[in-house]
1. Check off (1) open to solvent by less than 10 Å² (accessible area, probe 1.4 Å); (2) at negative phi; (3) under 19 Å from the mean Cα position of the chain (by Cα) for A:L97 and give me the number that stays unchecked.
2. Can you list residue pairs whose Cβ atoms sit under 8 Å apart, with the first residue in region A:119-130 being farther than 14 Å from A:R101 by Cα and the second being polar (S, T, N, Q) and open to solvent by 40 Å² or more (accessible area, probe 1.4 Å)? Count only pairs 6 or more apart in sequence or on different chains.
3. Just give me the residues in region A:90-106 being more than 8 Å from chain B (Cβ to nearest Cβ), assigned to a helix (DSSP H, G or I) and under 14 Å from B:R144 (Cβ atoms), in sequence order.
4. Taking the conditions exactly as written (in contact with a helix residue (DSSP H, G or I) (Cβ under 6 Å, 6 or more places away or on another chain) and at the interface with chain A (Cβ under 7 Å from one of its Cβ atoms)), does B:G127 satisfy them or not?
5. Provide a single number: the residues in region A:63-73 that are within 13 Å of chain B (Cβ to nearest Cβ) and crowded, with 16+ Cβ neighbours inside 10 Å.
6. Which numbered condition trips up A:V193, out of (1) under 17 Å from the mean Cα position of the chain (by Cα); (2) not in a strand (DSSP E or B)?
7. Suppose we filter A:G141, A:G109, A:G127 for residues that are open to solvent by less than 70 Å² (accessible area, probe 1.4 Å), more than 23 Å from B:Y139 (Cα to Cα) and within 13 Å of chain B (Cβ to nearest Cβ); which single one remains?
8. Would you call A:P165 buried (at least 22 other Cβ atoms within 10 Å of the Cβ), within 14 Å of another protein chain (Cβ to nearest Cβ) and in a loop (DSSP other than H, G, I, E, B)?
Amino acid sequence: MPMIDIRGVSKWYNEFQVLTDCSTHVEKGEVVVVCGPSGSGKSTLIKCVNALEPFQKGDIVVDGISVSARGTDLPKLRSRVGMVFQHFELFPHLSVLENLRLAQVKVLGRSKSEATDKGMHYLDRVGLASQRDKFPGQLSGGQQQRVAIARALCMDPIAMLFDEPTSALDPEMVGEVLEVMVGLAKEGMTMMVVTHEMGFARSVSDRVVFMDAGRIVEDCATKEFFGNIEARSERARQFLGKILAH
Amino acid sequence: MGGFDWSSIANSLPFLMNGLSYTVQLTVVAAIGGTLWGILLALARLSGIAPLAWAAAAYVNLMRSVPLLLVIFWFYFLVPVMLQSITGAAYPPKIGPDRSAYVTFILFEGAYFCEIVRAGIQSIPKGQLGAAYAIGLNYSQAMRLIILPQALRNMLPVLLTQTIVLFQDVSLVALLNVTDLVGAAVKIAQRDSRLIEMYTLVAVVYFVLSYALSLGVKALNRRIAIIR
């Protein structure tokens, strides 16, 4: 059974259809990169996985639990799936350590000292232990994103969702965030990553999903996706041509 | 006119101070109560639950469209009669000007604070709520722990400015024969026939306090900005 199973998901904003019959899956320990031109629906799709975005048709099953079923405890499901956002979304009124502790205490019911230990463990892991008492606004973009990753890891997630984690960063900070993500992938974390970083996709991911205009156009092994370009759809070739030219 | 005579002020100072303390008390209670009521109204307006949002909007628009003086009279004179007809009692219940004043100001200010709180909540980037949900918080935790603390901080200067306006508006209760600062001054002024001195004094007190508070708000404004 896949860790994340996306089954025929369609979504509309009023009349406008943003996702059309999207199906894919992420196995346990697998790293799947979702790419495609902007506006293709990849961010919307990944936000459907933890029900931050509702959808009208199809279903998504995370570790055996349907996100659209009526009885599903969504806060509990979300607490088990880590998410990292394009704009970090750290809580600006809380210190770095408080950002890491909050949900551990309020959602998982851990004691403050337990949450502190866990928080410091992951903060150390992303190389920011010395920043524990700073506020998010005092950190660089790259540092904020590393804290955001640590915040998600503190919940001991069964899978991690990354929604364009490096798109809002200055170029010189992209590397430090990718490095943390590569480390996670190597340790066997289940990851679904929306990104334009084709270097990351090629070297780290197991599979690549290519989206265009709300549809999943390609869904294949990374080797196949990059190695056999002739077999790709016209749209994917165009996209790769543009993005790999840089 | 016979020149100013300040002796009646000196003699009645304790009485005036009592009046001022009543004014401050009513202001503080109405500001806190109004803020809490305003937060509930704002959450109702933003709830996305149509009947709830509609009811809150109707309440807020009604309160904001009726002069405060009329609302005060309405609560003081008409609500007891209404309660009488609802309960079928022989006499209207005695609510008294004090209780009536507290209730009126909390309910009236709630409508204004609601709009401030609503703007404050809407000023928080949408992604913050998404992030709060994503780590497993439910709606009330997300509001209480993430959105409202940031929103209240953003709108604190406006809330305090509205409180200064409230501080001045509270003087209208003098019309219910309540002894707030103005009520106390009216009583002394009539007893001693010293209208000019009394009303000048009260104006000066109001000016000094209001202006000092507004300077305080400005200073606070510079200090509390969240670093983003």
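1. (3)
2. A:L128/A:Q143
3. If the condition is that a residue be more than 8 Å from chain B (Cβ to nearest Cβ), assigned to a helix (DSSP H, G or I) and under 14 Å from B:R144 (Cβ atoms), then A:V105 is the only one that fits.
4. In short, no.
5. Result for region A:63-73: 1.
6. The single condition A:V193 does not satisfy is (2).
7. Working: A:G109 fails: more than 23 Å from B:Y139 (Cα to Cα); A:G127 fails: within 13 Å of chain B (Cβ to nearest Cβ).
That would be A:G141, the only listed residue that is open to solvent by less than 70 Å² (accessible area, probe 1.4 Å), more than 23 Å from B:Y139 (Cα to Cα) and within 13 Å of chain B (Cβ to nearest Cβ).
8. Working: buried (at least 22 other Cβ atoms within 10 Å of the Cβ): yes; within 14 Å of another protein chain (Cβ to nearest Cβ): yes; in a loop (DSSP other than H, G, I, E, B): yes.
Yes; evaluated as a whole, the condition is true for this residue.
The values are calculated or read from the model by the stated rules, or taken from the named source; none is laboratory data. This one's a predicted model, so the numbers in the text were calculated from it and none came from an experiment. Counting neighbours? That spans all protein chains shown, and the Cβs are built from the backbone with ideal geometry, glycine included. The accessibility values were calculated without ligands, DNA or RNA, using every heavy atom of the protein model including side chains. Shrake-Rupley method; radii C 1.70, N 1.55, O 1.52, S 1.80 Å.
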